[in-house]
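**Q** Shown below is the structure under consideration.
Here, each number is a calculation from the coordinates, and none is a lab measurement. Quantities reported herein were computed from a predicted structural model and do not represent experimental measurements. Please note: Cβ atoms are built from the backbone with ideal geometry, for glycine as well, and neighbour counts cover all protein chains shown.
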Amino acid sequence: MNLDFSQIVPYIPFMLKGIGATLKFVSISILVGFILGTILALCKITNKPVLKWFAAAYTSIFRGTPLILQLMIIYFAIPQLTGYDIDGFLAAILAFGLNSAAYVSEIIRAGIMAVDHGQTEAAEALGIPYKPMMLNIILPQAIKNILPALMNEFITLTKESAIVSTIGYLDLMRRAQIVGADLYRNFEPLLVAGLIYWIMVVILTKIGSMVERRMRYSD
């Protein structure tokens, strides 16, 4: 086996910078996805057919097409139509945020539906308007129940973030590719990148478990 990890040691700081670049756009994307996903979830349970149709169509499109295709359309196709060049960071946030919203909307919708219907009936009996009831009573209980699923979505986005290397964004994967091209050795930098991704996922999983336990004991 022709392996020599000593050659990539000088490149380790360069690769480690990719962790911050990766987590930065993934964190913003999951925030965008959570906000938009919450709105879509509320549209799905409303009595207004137009909003229901829009939310269902949005979810179908973004769940039914590859994430890399959505990224390519935002980064390459939209500038062709608009004449506005989108940088890699913004394109990554838009693609991952819009895609995540489709999945998060289903997670939140399921969480809302899982809340005891008696909570809604009690709030209506007390004359609490729909918006305060959702924000202060239903959603907090739903989020507590779906926290593991939301954390899993964050972890999934972190792993899938590697595809932004296809548009030249200097995330962890792209930096590993640059090191490989510079050294004419790909196995070692890709293995190191894989190890870093694994460590990030393990840490995020531990954090998710800690938050979940804290919320469970806060009942």
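**Q** Quick one: would you say MET200 is buried (at least 17 other Cβ atoms within 10 Å of the Cβ), touching a residue at least 60 places away in the same chain (Cβ under 8 Å) and over 30 Å from LEU3 (Cβ atoms)?
**A** no
Yes/no per residue for (1) within 14 Å of the chain's Cα centre (by Cα); (2) not charged (D, E, K, R):
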{"site": "LYS52", "(1), (2)": "no, no"}
{"site": "ALA55", "(1), (2)": "no, yes"}
{"site": "ILE61", "(1), (2)": "no, yes"}
{"site": "LEU94", "(1), (2)": "yes, yes"}
{"site": "ALA102", "(1), (2)": "yes, yes"}
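**Q** Let me ask another. Where residues in the stretch 114-149 are small (Gly, Ala, Ser) and in contact (Cβ under 8 Å) with a residue 24 or more places away in the chain, which of them is surrounded by the fewest Cβ atoms within 10 Å (Cβ to Cβ)?
**A** That would be ALA114.
**Q** Within the stretch 155-180, restricting attention to residues that are crowded, with 19+ Cβ neighbours inside 10 Å, under 15 Å from SER29 (Cβ atoms) and not hydrophobic (A, V, I, L, M, F, W, C), which residue is nearest to the chain's Cα centre (by Cα)?
**A** Top of the filtered list is THR158.
**Q** Mind listing just one residue for me: the one in the stretch 29-64 that is touching a Ser or Thr at 6+ places or on another chain (Cβ under 9 Å) and among the polar types (S, T, N, Q) and, of those, farthest from GLY88 (Cα to Cα)?
**A** THR38
A quick yes/no check of all residues on (1) under 18 Å from ILE163 (Cα atoms); (2) touching a Gly at 6+ places or on another chain (Cβ under 8 Å); (3) touching a residue at least 40 places away in the same chain (Cβ under 8 Å):
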| position | (1), (2), (3) |
| --- | --- |
| LEU69 | yes, no, no |
| MET72 | yes, no, yes |
| ILE78 | no, no, no |
| LEU81 | no, no, no |
| PHE89 | yes, no, yes |
| ALA92 | yes, no, yes |
| SER100 | yes, yes, yes |
| VAL104 | no, yes, yes |
| ILE112 | no, no, yes |
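**Q** Any residue that is in contact with a helix residue (DSSP H, G or I) (Cβ under 7 Å, 6 or more places away or on another chain), part of a helix (DSSP H, G or I) and closer than 23 Å to LEU31 by Cβ - is there at least one of those in the stretch 78-87?
**A** No, the stretch 78-87 has no match at all.
**Q** Please enumerate the residues belonging to the stretch 15-47 that are surrounded by fewer than 20 Cβ atoms within 10 Å (Cβ to Cβ) and either under 16 Å from GLU153 (Cα atoms) or among the acidic types (Asp, Glu) (or both).
**A** LEU23, LYS24, SER27, ILE28, LEU31, VAL32, ILE35, LEU36
**Q** Here is a check on your reading of the model: is LYS52 in contact with a helix residue (DSSP H, G or I) (Cβ under 8 Å, 6 or more places away or on another chain), surrounded by fewer than 20 Cβ atoms within 10 Å (Cβ to Cβ) and charged (D, E, K, R)?
**A** yes
**Q** Here's a follow-up. Mind counting the residues in the stretch 168-192 that are without any contact (Cβ under 8 Å) to a residue 12 or more places away in the chain, of a type in the set (A, V, I, L, M, F, W, C) and closer than 12 Å to PHE5 by Cα?
**A** Count: 1.
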